[in-house]
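Read-outs: derived from the displayed coordinates by stated rules, not from any lab. Because the structure is a prediction, the values reported are computed rather than measured. Neighbour counts are summed over all protein chains in view; Cβ atoms, including those assigned to glycine, are modelled from backbone coordinates with ideal geometry.
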Amino acid sequence: MLQWTLLLVLGLLSRQTAIAKKSVVEPRPSWTPILEGEAVTLICHGVGPLKEERAWWYKNQQSRGILSTNIIQTNQPGEYRCQTQGSTLSDPVNLVFSSELFSPPDLKTTTSEPIEGTPVNLSCETQLSPQRLDTKLYFSFTRDGMVITSSGKNSHVLQIPAIQTKDSGSYRCEAKAVTQNILKQSNYVKISVKSGNLSSFNSSEKISHLSLGLIVTQFIVVVLAASALLFFFGPWSKSGIPQRETLPVQLQTT
């Protein structure tokens, strides 16, 4: 009986020793959710009085680890484990990047068919995460794939004081968080500038306008002619008014 008791105690002690020798992954920051683009520091803690400076790192159930320092940084989601010399493999730490730092930008314009010479404003609109309202974003604008403003500007509005026909094209904007190295692009917006000079209308437009004018003129002539005929030959004309019958008057003599 005493022998079985000793074996049980030794088994419990060896199990506790094995658990105590397990490495530990410490994430910093430790809060969740983690925003996209943020760097997370992972520290692998071993056991014993000596400070470990090297560790094996495993990601997503990898069978072979990568030997590196015991402190690494990552901005990639996944399951991380580590192991230092003299310690067993740690429990997994799962990194989930579940929130956007800022929403994809939406490009808006005051008008998509401006008249030549008029002002046009394009606005690159996005929303920062409430947890990172102090994030600095830089904006740039392109037309038909060509950059027309530098991404070094932090203004989200592009002002064109007097737009020209050569400015017609497909516009797009980009928003970039430099610190987190995140770049997002907006939808395309097509702008067609209309000429303010009447002489620039093409021949087909001139012909269509002329044809419409002739049709309207002919219609007016027909209406006037019909009105004249009704006036002279309608039921209210003199010849068409029925005459009232008159009875003969007999004069009496006394």
query = Length gain on complete extension for the stretch Phe219 to Leu133, per 0.36 nm per residue less the alpha carbon to alpha carbon distance?
reply = 24.4 nm
inquiry  = Rounded, prolate or oblate, given the Cα gyration tensor of the stretch 46-91, with a/c below 1.5 counting as rounded?
reply    = prolate
request  = Just rank Ile160, Ile43, fewest to most, by other beta-carbon atoms within 10 angstrom.
outcome  = Ile43, Ile160
ask   = What aspartates and glutamates sit close enough to Lys21 to cross-link, taking a C-alpha to C-alpha distance under 16 Å and skipping anything fewer than 8 places away on the same chain?
value = Glu52, Asp91
request  = Work out the length of the dipole vector of the stretch 105-195 about its Cα centre, built from +1 on the beta-carbon of each Lys and Arg and -1 on the beta-carbon of each Asp and Glu, and round it to the nearest 20 debye.
outcome  = 180 debye
message = Please arrange Asp91, Asp134 by how many other C-beta atoms lie within 10 Å of their C-beta, fewest to most.
response = Asp134, Asp91
ask   = In terms of modelled amide H atoms, which long-range or inter-chain residues lie less than 5 Å from the amide H of Ser99?
value = Ile34, Glu36
message = Taking the beta-carbon count within 10 Å as an exposure proxy, list Val93, Val221 from fewest neighbours to most.
response = Val221, Val93
